[in-house]
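Notes follow once the structure below has been shown.
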Amino acid sequence: VDLTQPLPAGYTISSVRGANSVGTAPFAGQVFFPNVAGSTGNLQRNFLNGPIYINWDAGLLKNIRITETTRLQLRGEMFNVMNHANFFAGSNPAILDVGSTSFGRLTSSGSVYSPRIVQFGARFEF
């Protein structure tokens with residue numbers, strides 16, 4: 001937006017958030033910012049690590065033969081057996097934007113990854 005030009009009819013500006021040029025931090029105290037095009041930064045690759053993602057799933061089944069051509073299958077399945085809270089930025093994509101004030105902040109748990117789920121089932125084959 002060029003603020004030296006008049007605004008279109010019906011538009012007003014209630015506040016202006018300025019950003020510094022590329023190569024400088026847009027917010028006071030910010031240490032991560034995009035590099036100038038064609039240059040590389042001085043941090044090693046994948047230096048940012050978040051919480052580990054742990055997800056163990058398990059299943060048990062028992063086939064019970066009733067006759068020569070029929071059988072009953074009983075199943076039990078568990079998803080996220082350890083019930084580990086997996087943090088994810090699904091509801092806040094700004095967590096991955098180095099120019100954002102919420103860069104690197106975990107704001108929710110389980111917004112995408114479910115807690116422990118147990119299900120049972122039976123299947124009759126003939």
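Checking each residue in the stretch 103-123 for being in a strand (DSSP E or B) and at pLDDT 70 or above picks out Ile117, Val118, Gln119, Phe120, Gly121, Ala122, Arg123. Can you find a residue that is of a type in the set (Lys, Arg) and modelled with pLDDT of 65 or more anywhere in the stretch 13-23? Within the stretch 13-23 (the criterion being of a type in the set (Lys, Arg) and modelled with pLDDT of 65 or more), the answer is no, since none of the residues qualifies. Among residues that are charged (D, E, K, R) and modelled with pLDDT under 70, Arg45 is not included.
The values are calculated or read from the model by the stated rules, or taken from the named source; none is laboratory data. Just so it is clear, the model here is predicted, and its values are computed rather than measured.
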